[in-house]
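Worksheet: the structure to be examined is printed underneath.
All of the numbers you see were taken from the coordinates with simple rules; none came from a lab. Keep in mind that what you see is a predicted model, and the values were worked out from it rather than measured. Ideal geometry is used to build each Cβ from the backbone, glycine not excepted, and the neighbour counts take in all protein chains shown.
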Ligand SMILES: [Zn+2]
């Protein structure tokens, strides 16, 4: 079957000033607030964060840049904890495989990007505040998903939740998924369904947004349209990148950094030559 025609405007959005600015800002705030030891990625982000603002001054990509009907969305999956991860990579792959299967008719697919583990303090989430605290580990431009061992229901703490789509108090742009090890293999797909505009639960068994997913859960046509509309708004608004857009931005920032470094080296050489000439 032909993929559905959806103009996500993905390539156009990848280098829009707002997108670059938000991304740069997100990198700065994440490097400031992260309490975990910074990996190569963190150092890279800290080094390039200011260039995000420099890039923001560039003009957007030319109109008519490739628009495709399908978009791959980067998803940062952070698992508690570094010493004893609550799930293994097979668990994550299974969740992703099902998410991609369920989202196939929407034109969206998801790919995990390298992500640091969550500190051990997040293994069990009891309160609203515990869920809100994850906000400091949120990264801009990608879907954020945190995997913990247990998460208690807020109104009845004796109940355990499988997953939630969570909006922390405060920043409006930041929202994320929290999954627990109790969820079935379709939990990521279900929470992504919430993330992409389907707030309500369905009463139809077998629908991915119902509590009774069944064996082959799927979206109905209205839910598919909601997913597309929400994805388009997030992508065009620069709050979400496609995987390709994110990689192009990284390359663009890296080459910009190279140019800045060579300009600075040239300036230093000329200053040195002037000193020698005196
Ligand atoms: Zn739900």
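Taking other Cβ atoms within 10 Å as a rough exposure proxy, 169, 73 sort from fewest to most as 169, 73. Fewest-first ordering of 176, 211 by other beta carbons within 10 Å of each residue's beta carbon gives 211, 176. Fully extending the segment from residue 248 to residue 128 would add 39.5 nm, taking 0.36 nm per residue of separation and subtracting the current Cα-Cα distance. Listed peptides 145-157, 184-196, 264-276, 117-129 appear in the order 184-196, 145-157, 117-129, 264-276 once ranked by packing, highest mean of other Cβ atoms within 10 Å at the front.
Percent of C-alpha pairs per 5 Å bin in the range 71-244, short distances first: 1, 9, 18, 22, 22, 16, 9, 2, 0. Dividing the mean sequence gap of close Cα pairs (under 8 Å, 6+ apart) by how many residues the range 170-278 holds gives a relative contact order of 14 percent. Summarising the strand pairing of the range 71-244, around 20 percent of its internal DSSP beta bridges are antiparallel.
Annotation: extensible slack from residue 155 through residue 172 equals 3.8 nm (criterion: 0.36 nm per residue apart, minus Cα-Cα distance). Sorting 173, 130 by the number of Cβ atoms found within 10 Å of their own Cβ, with the fewest placed first, yields 173, 130.
Annotation for residue 181 and residue 204: the two label points, set 7 Å from Cα along the Cα-Cβ direction, are 3.6 nm apart. Gap in Å between the Cα centre of the range 110-134 and the Cα centre of the range 199-251? Between the Cα centres of the range 199-251 and the range 110-134 lies a distance of 21 Å.
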